[in-house]
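The values are calculated or read from the model by the stated rules, or taken from the named source; none is laboratory data. None of the values given here were measured: they were computed from a predicted structure. Ideal geometry is used to build each Cβ from the backbone, glycine not excepted, and the neighbour counts take in all protein chains shown.
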Amino acid sequence: MEPTFRILPVLENKKIGPYHKITLKDVQMYNHAECGNFVMIGLQGFDPYLSRPFSFLEGNRTSFSILMKVKGRGTELLSKVKKGDKLKVLGPLGKIFCPPKKGILIAGGIGIAPVYYQSRWMNGDILFYGAKRKKDLILTREFSDKGFTVRTITEEDEGLVTDLLKEYTDELNGKQIFICGAMGMIKSIKGILNKEQIEKAYVYVEERMGCGLGGCKSCAVKTFEGYRLVCTEGPIFPLKEVKFD
Amino acid sequence: MINLSTKLGSLELQNPVLLASGVWDFPYTKIIDFKRLGGVICKGVSLLPKEGNPPPRITETPCGLVNSIGLENKGFDYFEHEILPDLKKLGTKVFVNIFGESIEEFKEIASKIKEVVGFEVNISCPNVSKGGEKFGKDPKMVFSITKAVCGETDLPVIVKLSPSVENIEETAQAAKEGGAMAVTASNTFPGLVIDLESKGPLFKRITGGLSGPAIKPLALYNVYRIKNAVDIPVIGSGGISDYKDVLEYFIAGASAVQLGSIIFNNPLAPIEILDNLVCWMREKGYKNLKDVNKK
């Protein structure tokens, strides 16, 4: 589906763990949205001036939702929307990706949203999921219901998602791997995967974005072929191509 | 019938709304009907590829944004083969924004590009180490670059001026004497963004360029100053967000306008502006846009 820019009403703004799940009324987009697609969402007016990129979380024929974490002033303002408020929505955006039926999903924190959206096209395998606290772990039952083995770890109790991966590293062999989380986490994961595993690994990259349509060249990610744009060439990139500081 | 057409020297545009350089790319054609625009200025092209600045490259401020892109582009050869053919198919007037680190580079690019409507000479980017606003601050350099470009092409040449000067009339005059058909007033304003986490500048190059509604009065004043001192058409650029802003720029002396940051805030803004301009003129009894600044 070609992207559109529309004003859509909020159906619900619900707290899930430490996040806000915002559901928008829309009959067009979700049914046509594909893996790799995302949306730019913003408040009407000039405050904040820019929209923010969000992965889809889930949806149906009449609505879709995104998951949001308050990080700064812009997301703080967005987190306060109520039922009936209207938001600017530009999408679907991004380069689409054909997901495997089964594979490994690795998420850190709010990185759970894109991999949950990706699980729409999958019928199970393994989710490795790390968060700060137990109460921050969300959607684990839904992943189990979709046939995923769910392995979780929290910083307050046991350690990082990389510790979890070290323990089960053999489970990753021969499978496509999808990672979404902070760049630091992704870099550490790259450090513990073997060459064959890296070959089959993909990352969801997040970067500050201006337009979502390749116009402003803001969302640059460093790769071994120079800078590439997250909005039109991503957000999913092969792990082996991304260059870390 | 409402007539939105406007003239830049001998060049006629079907309406005054141009998309500025560095804010749009081809995916925008899925949102905006480019045939309705007065024209577009493409992303700056340099002779050799430019990698651009390391991220972060953008942040917002109240009523605007600050960018530090650094003229990322794949160089002239790529432009000629991969971008120019598609630019010609856009169905609107295309101006090619050119950037050089020396007069020779400007000359070489200008001599190689034909079959477009004109050039916009970028001597005002605040986000590069060589060229850019360093050239644009020096009236002698503005004159020399403009003259050199005009010497290489028969196409109309627009010079995009830097706001970081004491007397923008001087650089506008230098562009006119160099042979420019029009000037764009003005580029982004250099500014600093501090990151509280790292307790230092957010951008690796320290400063970025401020744009958006925050700079509108500043850019509007630049248009006014030039119009009252130099006999050259001025394209107003800075913070234009709705049709009223376009009218204000016209009253200040602009002959056309460029939309930039607003298309990040509202990608449909160019079309909404054109529709609302027509509604306003109909309501007020104007038939021609060129009459709106008459008292």
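Looking at (1) in contact with a Ser or Thr (Cβ under 9 Å, 6 or more places away or on another chain); (2) crowded, with 18+ Cβ neighbours inside 10 Å; (3) not aromatic (Phe, Trp, Tyr), can you tell me which one B:Lys204 breaks? Every listed condition holds for B:Lys204 apart from (2). For the residues A:Leu229, A:Leu164, A:Leu172, A:Leu193, the requirement of being of a type outside the set (Gly, Ala, Ser) and in contact with a Cys (Cβ under 6 Å, 6 or more places away or on another chain) singles out A:Leu229.
For segment B:42-57, which residues satisfy the criterion of being at the interface with another protein chain (Cβ under 9 Å from one of its Cβ atoms) and in contact (Cβ under 8 Å) with a residue 60 or more places away in the chain?
Initial filter on segment B:42-57 (at the interface with another protein chain (Cβ under 9 Å from one of its Cβ atoms)): B:43, B:49, B:51-57.
Result: B:Asn53, B:Pro54, B:Pro56, B:Arg57.
Considering A:Leu93, A:Leu57, the condition of being among the hydrophobic types (A, V, I, L, M, F, W, C) and under 19 Å from A:Tyr19 (Cα atoms) is satisfied by A:Leu57 alone.
Could you please find all residues in segment B:11-36 being more than 14 Å from every other protein chain (Cβ to nearest Cβ) and either closer than 18 Å to B:Val121 by Cβ or in contact with a strand residue (DSSP E or B) (Cβ under 6 Å, 6 or more places away or on another chain) (or both)? Break it down stepwise before answering.
Applying the first criterion (more than 14 Å from every other protein chain (Cβ to nearest Cβ)) to segment B:11-36 yields B:11-18, B:35-36.
Correct list: B:Leu11, B:Leu13, B:Pro16, B:Leu18.
Assess whether A:Gly226 counts as being more than 22 Å from B:Thr59 (Cβ to Cβ), without any contact (Cβ under 8 Å) to a residue 12 or more places away in the chain and within 14 Å of chain B (Cβ to nearest Cβ). Lay out the reasoning, then the answer.
Values: more than 22 Å from B:Thr59 (Cβ to Cβ): yes; without any contact (Cβ under 8 Å) to a residue 12 or more places away in the chain: yes; within 14 Å of chain B (Cβ to nearest Cβ): yes.
Here the answer is yes, as A:Gly226 does meet what is asked.
Mind listing just one residue for me: the one in segment A:156-210 that is among the acidic types (Asp, Glu) and under 20 Å from the mean Cα position of the chain (by Cα) and, of those, surrounded by the most Cβ atoms within 10 Å (Cβ to Cβ)? Before you say what the answer is, go through the steps one by one.
Initial filter on segment A:156-210 (among the acidic types (Asp, Glu)): A:156-158, A:163, A:167, A:170-171, A:196, A:199, A:206-207.
From what is left, the residues that are under 20 Å from the mean Cα position of the chain (by Cα) are A:206-207.
Numbers: A:Glu206: 21, A:Glu207: 19.
Across segment A:156-210, the extreme among qualifying residues is A:Glu206.
Can you name the residue in segment B:192-222 that is closer than 19 Å to A:Asp245 by Cβ and assigned to a loop (DSSP other than H, G, I, E, B) and is also modelled with the lowest pLDDT among such residues? Result: B:Glu197.
Only one of B:Thr59, B:Thr92 is among the hydroxyl-bearing types (Ser, Thr, Tyr), modelled with pLDDT of 95 or more and closer than 21 Å to B:Ile32 by Cα. Can you tell me which?
On the way: B:Thr59 fails: closer than 21 Å to B:Ile32 by Cα.
Going through B:Thr59, B:Thr92 in turn, the sole match is B:Thr92.
A count restricted to segment A:192-211 and to residues that are out of contact with any Phe, Trp or Tyr (no Cβ under 8 Å at 6 or more places or on another chain) and either more than 7 Å from chain B (Cβ to nearest Cβ) or on the phi > 0 side of the Ramachandran plot (or both) stands at 11. Only residues that are surrounded by fewer than 24 Cβ atoms within 10 Å (Cβ to Cβ), in contact (Cβ under 8 Å) with a residue 12 or more places away in the chain and not aliphatic (A, V, I, L, M) were counted across segment B:171-200, and they come to 8. Of all the listed residues (B:Ala256, B:Ala214, B:Ala269), the sole one being aliphatic (A, V, I, L, M), within 14 Å of chain A (Cβ to nearest Cβ) and touching a Pro at 6+ places or on another chain (Cβ under 8 Å) is B:Ala214. Inspection of segment B:94-105 identifies at least one residue that is among the small types (Gly, Ala, Ser), within 24 Å of B:Leu259 (Cα to Cα), crowded, with 21+ Cβ neighbours inside 10 Å and in contact with a Ser or Thr (Cβ under 9 Å, 6 or more places away or on another chain).
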